[in-house]
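Just so it is clear, none of the values below were taken in a lab; they were calculated from the coordinates. Quick caveat: nothing in here was measured; it's all calculated off a predicted structure. Ideal geometry is used to build each Cβ from the backbone, glycine not excepted, and the neighbour counts take in all protein chains shown.
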């Protein structure tokens with residue numbers, strides 16, 4: 001299908017955004033970057049459509065001299081509204097349409113200023129006619145709370161879609177062919193093991209493939225597979241540790257029981273063995289762990305949502 005040059009796609013990864021100011025700065029720079037292909041034009045647009053902004057050209061890679069556009073400013077209250085209006089302003093001025101995609105959107109809800117932010121976003125974005133928003137994330141319960149909670153400003157903001165995992169049968173030939181294109185090889189058995197260990201979780205699967213590929217000289221071996229898998233676990237360990245340290249002792253004990261495939265969490269034997277507390281505490285901890293997207297109920301049993309967190313937790317606890 002031929003690409004429509006009048007439609008521009010803006011991609012923003014919210015995963016590492018740590019403050020309200022960083023969000024507005026990232027939003028502004030990425031929207032301006034998607035609307036114009038030349039750096040000179042992006043600098044001109046920043047000066048024309050935003051006040052108090054210092055456009056920058058940043059060299060991202062010293063080897064290739066790859067340059068990226070960025071903006072430098074501290075957003076004031078009125079600047080925030082202007083930045084949220086920016087996609088529509090640029091779309092009208094340039095006679096284009098813009099699709100703004102924000103990945104891992106639920107991470108913004110962890111910002112202290114989010115409640116104030118989401119009200120502004122909803123009030124501005126719902127009036128725009130030349131811009132569409134695709135807000136997606138990997139934490140189902142958090143996303144539902146944002147978009148399906150009647151008390152949330154984003155309640156019924158748009159159509160809610162749940163995407164199924166790509167099946168193993170489609171991942172395996174993709175993994176094998178991608179290794180082959182780089183001059184390396186992986187057997188169907190190892191490709192299947194990658195799918196199984198990551199449970200076909202797209203992000204982890206691709207991350208696992210990268211680390212295994214990087215530790216492989218010619219052909220994937222048991223050694224390079226194990227080394228790559230451990231590298232993936234190590235890379236995500238700080239995040240897992242941070243998530244776990246925020247849990248109460250009884251919640252960690254509940255995760256230990258789930259890790260050991262215990263199905264009857266409320267039985268007296270399980271409560272005694274894992275120190276889960278009284279039935280009220282157990283019910284409360286189930287709700288908390290589900291709200292944090294750490295566990296989910298599947299086929300009548302509680303399981304870990306994150307397959308790699310489960311591997312890490314099993315080794316650490």
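Name all residues of the stretch 146-183 having a backbone nitrogen under 14 Å from the label point set 7 Å from the Cα of residue 11 along its Cα→Cβ direction, giving them as ranges. Counting only backbone N, you get no residues. Its convex hull of Cα atoms gives the stretch 104-216 a direction-averaged projected area, equal to a quarter of the hull surface, of 9.7 nm². Taking the DSSP beta bridges with both ends in the chain, the antiparallel portion is around 45 percent.
Estimated from helices alone, the mean residue ellipticity of the chain at 222 nm is -17000 deg cm²/dmol (sum of -39500 (n - 2.57) over DSSP H runs with n ≥ 4, per residue).
In the chain, one over the average inverse separation of all distinct C-alpha pairs is 22.7 Å, which is the Kirkwood hydrodynamic radius. Full extension of the chain segment joining residue 48 with residue 234 gains 62.4 nm, where the gain is 0.36 nm per residue of separation less the Cα-Cα distance. Taking every alpha-carbon pair in the stretch 168-241 and binning the separations at 5 Å intervals from zero gives 3, 18, 31, 27, 14, 5, 2, 0 percent. The per residue volume of the convex hull around the alpha-carbon atoms of the stretch 136-192 is 109 Å³.
Taking the longest Cα principal axis of the chain as reference, the axis of helix 168-181 is set at about 60 degrees.
To the nearest Å, what is the center-to-center distance of the stretch 122-158 and the stretch 231-275, using C-alpha atoms only? Each part reduced to its Cα centre gives a spacing of 32 Å. Contact order, relative form, for the chain: 12 percent (alpha carbon pairs under 8 Å, 6 or more residues apart, mean separation divided by residue count).
If R0 is 25 Å, the Cβ-Cβ spacing of residue 260 and residue 202 corresponds to a FRET efficiency of close to 0.35.
You can think of it this way: the chain between residue 214 and residue 76 has 45.2 nm of extra reach, that is 0.36 nm per residue less the Cα-Cα gap. Ordering 152, 185 by the number of other Cβ atoms within 10 Å of each residue's own Cβ, fewest first, gives 185, 152.
Length gained on full extension, residue 150 to residue 120, computed as 0.36 nm times the residue gap minus the Cα-Cα distance: 9.1 nm.
Can you tell me the 0 to 90 degree angle between the C-alpha axis of helix 20-35 and the longest principal axis of the chain, rounded to 10? The two axes meet at around 60 degrees. With Cα atoms as the point set, the radius of gyration and Dmax of the stretch 248-316 evaluate to 11.0, 30 Å. Helix 188-198 axis versus longest C-alpha principal axis of the chain: approximately 90°, rounded to the nearest ten. A convex hull fitted to the Cα coordinates of the stretch 182-288 yields 124 cubic angstrom per residue.
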